[in-house]
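Presented below is the structure to which this report refers.
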Amino acid sequence: MIGGRRVLAIVPARGGSQRLIAKNAKSLAGRPMVAWTLEAARGSALIDHLVVSTDDPAVAATAAEMGWPPPFMRPDHLSGATASVIDAIEHALGEVGGDWDYVVLLQPTSPLRTAADIDAAIRLCDETGAAAVIGVSPLPKPASFYGRVDDEGRYTPGGVDLERTVVINGAVYVGRPEILLRDRTFQSDGARAYLMPFERSWDVDTPAEFAVCEALFPFRTTEIG
């Protein structure tokens with residue numbers, strides 16, 4: 001809770017994956033990948049309640065072993081490769097019931113994010129009155145590495161405003177339920193960016209990304225911002 005306002009966290013952990021099979025339950029640095037997100041949520045000082053939305057019994061078992069409430073098992077239409085995360089959020093909100101001031105989306109494919117990141121993003125949304133907050137990270141290379149390629153394949157250096165360009169990292173999203181369900185996106189007008197360093201911003205979708213993420217664990221920083 002923040003200033004009397006209630007915060008619901010949702011962890012969407014679909015079992016299917018086209019590029020990395022059963023990735024959310026796959027062992028990463030000694031634990032199922034989803035466990036790192038659940039552990040970060042446990043450390044949050046502002047989350048009032050957390051629900052796991054899944055169709056994977058292995059993910060449900062991990063959540064139960066960690067002492068979280070029983071997950072909401074997704075219906076078939078929310079379990080396929082084309083399932084919308086907003087639809088999954090809407091389903092979870094309907095299942096849990098009650099009134100919530102903020103919804104925090106914590107994707108298990110971002111296991112390097114910390115409890116401090118979660119709380120900082122929630123505070124940013126609350127203090128600024130933003131419609132939403134989206135976790136972002138800087139571009140991974142210096143400005144001299146970027147350029148443009150024209151229609152004939154010629155390379156020209158520059159052309160990217162690197163002072164302002166960031167990448168959505170998938171690590172944390174905060175939204176107001178009424179705006180989120182109206183716009184069907186966290187990228188509503190007035191959304192704010194929560195900037196995170198590269199070391200906590202890795203998003204896992206492929207075997208190569210999984211391997212890199214595991215290698216980054218010893219370098220994960222704890223400072224926010």
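May I ask you to verify whether Met73 is over 21 Å from Glu199 (Cβ atoms), open to solvent by 40 Å² or more (accessible area, probe 1.4 Å), touching an Asp or Glu at 6+ places or on another chain (Cβ under 8 Å) and without any contact (Cβ under 8 Å) to a residue 40 or more places away in the chain? Yes; evaluated as a whole, the condition is true for this residue.
Conditions tested, residue by residue: (1) more than 21 Å from Arg5 (Cα to Cα); (2) touching a strand residue (DSSP E or B) at 6+ places or on another chain (Cβ under 6 Å); (3) in contact (Cβ under 8 Å) with a residue 24 or more places away in the chain.
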position: Ala130; (1), (2), (3): no, yes, yes
position: Ser137; (1), (2), (3): yes, yes, yes
position: Phe145; (1), (2), (3): yes, no, no
position: Tyr155; (1), (2), (3): yes, yes, no
position: Thr165; (1), (2), (3): yes, no, yes
position: Gly175; (1), (2), (3): no, yes, yes
position: Tyr194; (1), (2), (3): no, yes, yes
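Only residues that are under 20 Å from Leu112 (Cβ atoms) and polar (S, T, N, Q) were counted in the range 32-78, giving 3. For residues that are part of a loop (DSSP other than H, G, I, E, B) and over 15 Å from Arg123 (Cα atoms), tally how many sit in the range 1-37. Number of matching residues: 12.
So how many residues does the range 120-177 have that are modelled with pLDDT under 85, surrounded by 11 or more Cβ atoms within 10 Å (Cβ to Cβ) and small (Gly, Ala, Ser)?
If we filter the range 120-177 for residues that are modelled with pLDDT under 85, which is where we start, we get 140-144, 158-164.
With surrounded by 11 or more Cβ atoms within 10 Å (Cβ to Cβ) added as a condition, the list becomes 143, 158, 160, 162.
Those still in the list that are small (Gly, Ala, Ser) too: 143, 158.
Matching residues across the range 120-177 total 2.
Cβ-Cβ contacts under 6 Å between residues 6 or more apart (or on different chains), taken from a first residue in the range 38-53 that is part of a loop (DSSP other than H, G, I, E, B) and at pLDDT 95 or above to a second residue that is open to solvent by 20 Å² or more (accessible area, probe 1.4 Å) and not hydrophobic (A, V, I, L, M, F, W, C), are listed as Asp48/Arg6. In the set Ala22, Ala60, only one residue is touching a Pro at 6+ places or on another chain (Cβ under 8 Å) and either open to solvent by 20 Å² or more (accessible area, probe 1.4 Å) or farther than 24 Å from Ala215 by Cβ (or both); that residue is Ala60.
I need the full set of residues from the range 25-57 which are basic (Lys, Arg) and either more than 20 Å from Asp205 (Cα to Cα) or open to solvent by less than 20 Å² (accessible area, probe 1.4 Å) (or both), in order please. Break it down stepwise before answering.
First pass over the range 25-57, keeping only residues basic (Lys, Arg): 26, 31, 42.
Across the range 25-57, the qualifying residue is only Arg42.
The set of residues in the range 145-161 that are in a loop (DSSP other than H, G, I, E, B) and among the basic types (Lys, Arg) contains only Arg154. Ile118 satisfies every condition listed in (1) in a helix (DSSP H, G or I); (2) more than 24 Å from Leu195 (Cα to Cα) except (2). Counting only residues that are farther than 25 Å from Ala120 by Cβ, out of contact with any Lys or Arg (no Cβ under 6 Å at 6 or more places or on another chain) and part of a loop (DSSP other than H, G, I, E, B), the range 162-212 holds 1 of them.
Can you confirm whether the range 63-86 contains a residue that is part of a helix (DSSP H, G or I), within 16 Å of the chain's Cα centre (by Cα) and acidic (Asp, Glu)? I'd like the intermediate steps shown before the answer.
Quick first cut of the range 63-86, residues part of a helix (DSSP H, G or I) only: 63-65, 76-78, 85-86.
Those left that are additionally within 16 Å of the chain's Cα centre (by Cα): 85-86.
So of that shortlist, the ones also acidic (Asp, Glu) come out as none.
No, every residue in the range 63-86 fails to be part of a helix (DSSP H, G or I), within 16 Å of the chain's Cα centre (by Cα) and acidic (Asp, Glu).
The values are calculated or read from the model by the stated rules, or taken from the named source; none is laboratory data. The structure displayed is predicted, hence computed values, not measured ones. Here the Cβ is made from the backbone with ideal geometry for all residues, glycine too, and neighbour counts use every protein chain on show. Calculation scope for accessible area: heavy atoms of the full protein, side chains included, ligands and nucleic acids excluded. Shrake-Rupley method; radii C 1.70, N 1.55, O 1.52, S 1.80 Å.
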